[in-house]
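Here is the structure we will look at.
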Amino acid sequence: MKFKQSDVQNQRIERITTSHLVVGIDMAKETHVAQATNFRGIVVSKRHLSFSNSLEGFEKLNRWMTELQQKHRLKKLIIGMEPTGHYWFNLANWLADRKLHVVMVNPATTKRNKENRDNSPSKNDPKDALIIADAVSRGFYYEYTRQPLEFQRLRTMMSDREFWVTNSIRLQNRIVRWLDIRFPEYSTVFKDWTCKRSLATLKTFPCPRDLETYTVPDIIDAWRVHMQRAGGSTGIEKAAQLIAQAKRSVGERTAEEEAKADLQRLIEEFERVTSMLEQIEKNIEALLSEIPMAQQLRTIKGLGKIFTAAILAGTGDLRQYAHGRQVLRKAGLNLAESTSGKRKGRIVLSKRGDSALRKYLYLATVQLVWNNPVFRHLHENNVQEKKMKKQQSIFKLIGKLARILVGIVQRGEKFTPEKTVRAWTEAA
């Protein structure tokens, strides 16, 4: 498929022929609803079909579609549905396994077209199914492509990692809140409360009152239970600072036993989640070693394993893309402009796409600007010579990164700075 949106739209419309049965399905948790039209949008079913989210329901849908095809002599079939939550996975995969043509309609498209037929803002499942069928017949859909197994595994692991990273951040915020209330001076001793010496302190004597009666050797001895090399000049200095700050602390001192129990639970959960994340990242690294294109992407200095995994999890097999613009559109990083007559509107990001892919493409580009000489050179040139704002330059470089990713995979090459920046070659 061509990568220019206008060409893609025309191709999608051309695919809907006079011999097509177009089926729209409104997804739900337990009961789905289907409507069927021909290529012109004329409803060909006497009544909508309701079917359960089960094997029996899926087979009922299949029989219904087959009967309509036979009745109206329609040889081809295209099935459209909204990717609503996670409800659509099972049905879409069941249909795809039977070699049926499954496509997706953006929920925003359905919402914006709900008044087309009846000029009414009313909403119900049969109407939504018909709107989806109409959208498909007019080419407002995108293909549902099942990725190879290794990319499905990668996407699952990255989704799992994202969930536990969110949990870890929530736990860290909760622990920081605890310290701000109970021991606000703690951050002057340990800038990073997650270091080993700090965690040993929080496990043994988290409250200022616990430290007031201790000496420096007592604290160092307590640290040795949880870590090696607890003493030394740094250990002695930190222990002395802890005692001094504890004696002058203004932290809350009521309900200390309950507060300490709360902190211990938080720390135990934080360490458990941290351990899980370490194991997940090991599994991700092992899986990346099985994907040849991941090794090509890793040749870009500064693109670490997590960024590589996140990009491949979001895009799938990069060989299916003809141009980097397709990656940008998938991530919702394509530009959207609103103009009318003499009014010139702002150009903004469409943000119609995979938010996780959008996030990691942005973070990966920022990382490359810091750590990759080529991207740093491009960024400096954009800011200093072309007078771009720094954020403008970053988003321009995201487009550059997307084109590089697709290019090196399509050609089966490693990343070469000489092909990226002409001035880079001249400088060498």
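The values are calculated or read from the model by the stated rules, or taken from the named source; none is laboratory data. Given the structure is predicted, the values throughout are model-derived calculations rather than measurements. A quick note on method: Cβ atoms are made from the backbone with ideal geometry, for glycine too, and the neighbour counts reach across all protein chains shown.
Which one of these is of a type in the set (D, E, K, R), surrounded by 13 or more Cβ atoms within 10 Å (Cβ to Cβ) and at pLDDT 90 or above: R319, R352, R298?
R298 is the lone residue from the list that is of a type in the set (D, E, K, R), surrounded by 13 or more Cβ atoms within 10 Å (Cβ to Cβ) and at pLDDT 90 or above.
Residues are listed down the side, and each one gets a yes or a no for (1) more than 12 Å from K247 (Cα to Cα); (2) acidic (D, E); (3) without any contact (Cβ under 8 Å) to a residue 24 or more places away in the chain:
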position: I181; (1), (2), (3): yes, no, no
position: T188; (1), (2), (3): yes, no, no
position: D192; (1), (2), (3): yes, yes, yes
position: A200; (1), (2), (3): yes, no, no
position: L211; (1), (2), (3): no, no, no
position: P217; (1), (2), (3): yes, no, yes
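For (1) acidic (D, E); (2) over 26 Å from W164 (Cβ atoms); (3) surrounded by 18 or more Cβ atoms within 10 Å (Cβ to Cβ), each residue gets a yes or a no:
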{"residue": "S289", "(1), (2), (3)": "no, no, no"}
{"residue": "L303", "(1), (2), (3)": "no, no, yes"}
{"residue": "F307", "(1), (2), (3)": "no, no, yes"}
{"residue": "L335", "(1), (2), (3)": "no, yes, no"}
{"residue": "T339", "(1), (2), (3)": "no, yes, no"}
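Can you pull out every residue in the range 302-351 that is on the phi > 0 side of the Ramachandran plot and touching a helix residue (DSSP H, G or I) at 6+ places or on another chain (Cβ under 9 Å)?
Once the filter is applied, which keeps residues that are on the phi > 0 side of the Ramachandran plot and touching a helix residue (DSSP H, G or I) at 6+ places or on another chain (Cβ under 9 Å), the range 302-351 yields G302, G316, G332, K351.
Name every residue in the range 133-152 that is in a loop (DSSP other than H, G, I, E, B) and at negative phi, in order of residue number.
Hits for the range 133-152 are R138, F140, Y141, Y144, T145, R146, Q147, P148.
Which numbered condition in (1) crowded, with 18+ Cβ neighbours inside 10 Å; (2) modelled with pLDDT under 85; (3) among the β-branched types (V, I, T) is the only one that V369 fails?
(2)
Would you mind listing the helices (runs of 4 or more DSSP H) fully within the range 187-282 where at least 1 residues are under 30 Å from I306 (Cα atoms) and modelled with pLDDT of 85 or more? Let's see the steps before the verdict.
Values: elements: 196-204, 208-211, 216-224, 232-247.
Passing ranges, in order: 196-204.
Going through the range 106-132 one residue at a time, which ones are within 22 Å of R47 (Cα to Cα) and in a loop (DSSP other than H, G, I, E, B)?
Within the range 106-132, N113, K114, E115, N116, R117, D118, N119, S120, P121, S122, K123, N124 meet the criteria.
Kindly indicate whether any position in the range 173-182 is part of a helix (DSSP H, G or I), aromatic (F, W, Y) and under 39 Å from the mean Cα position of the chain (by Cα). Outline the logic, then answer.
Residues of the range 173-182 part of a helix (DSSP H, G or I): 173-182.
From what is left, the residues that are aromatic (F, W, Y) are 178.
Checking the rest, the ones that are also under 39 Å from the mean Cα position of the chain (by Cα) come to 178.
Yes, the conditions are met somewhere in the range 173-182.
Every residue in the range 120-176 that is without any contact (Cβ under 8 Å) to a residue 12 or more places away in the chain and among the hydroxyl-bearing types (S, T, Y), please.
S120, S122, T156, T166
The rows are residues; the columns are (1) among the aromatic types (F, W, Y); (2) over 12 Å from the mean Cα position of the chain (by Cα); (3) within 30 Å of T299 (Cα to Cα).
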position: A331; (1), (2), (3): no, no, yes
position: G341; (1), (2), (3): no, yes, no
position: K344; (1), (2), (3): no, yes, no
position: V348; (1), (2), (3): no, yes, no
position: K351; (1), (2), (3): no, yes, yes
position: L357; (1), (2), (3): no, no, yes
position: Y362; (1), (2), (3): yes, no, yes
position: T365; (1), (2), (3): no, yes, yes
position: V374; (1), (2), (3): no, yes, yes
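Of the residues that make up the range 59-74, is at least one free of Cβ contacts under 8 Å to residues at least 24 places away in the same chain and within 14 Å of M27 (Cα to Cα)?
No, the conditions are met nowhere in the range 59-74.
Only one of R153, R161, R174, R170 is crowded, with 18+ Cβ neighbours inside 10 Å and modelled with pLDDT of 90 or more; which?
R161
Can you spot a residue in the range 81-92 that is more than 26 Å from the chain's Cα centre (by Cα) and more than 14 Å from A133 (Cα to Cα)?
No, the range 81-92 contains no residue that is more than 26 Å from the chain's Cα centre (by Cα) and more than 14 Å from A133 (Cα to Cα).
Looking at the range 105-117 only, could you name the residues that are surrounded by 13 or more Cβ atoms within 10 Å (Cβ to Cβ) and of a type outside the set (D, E, K, R)?
Those that are surrounded by 13 or more Cβ atoms within 10 Å (Cβ to Cβ) and of a type outside the set (D, E, K, R): V105, N106, P107, T109, T110, N113, N116.
Collect the residues in the range 301-326 that are within 19 Å of D7 (Cα to Cα) and in contact with a Phe, Trp or Tyr (Cβ under 6 Å, 6 or more places away or on another chain), keeping them in residue-number order.
Passing the criteria: A322, H323, R325, Q326.
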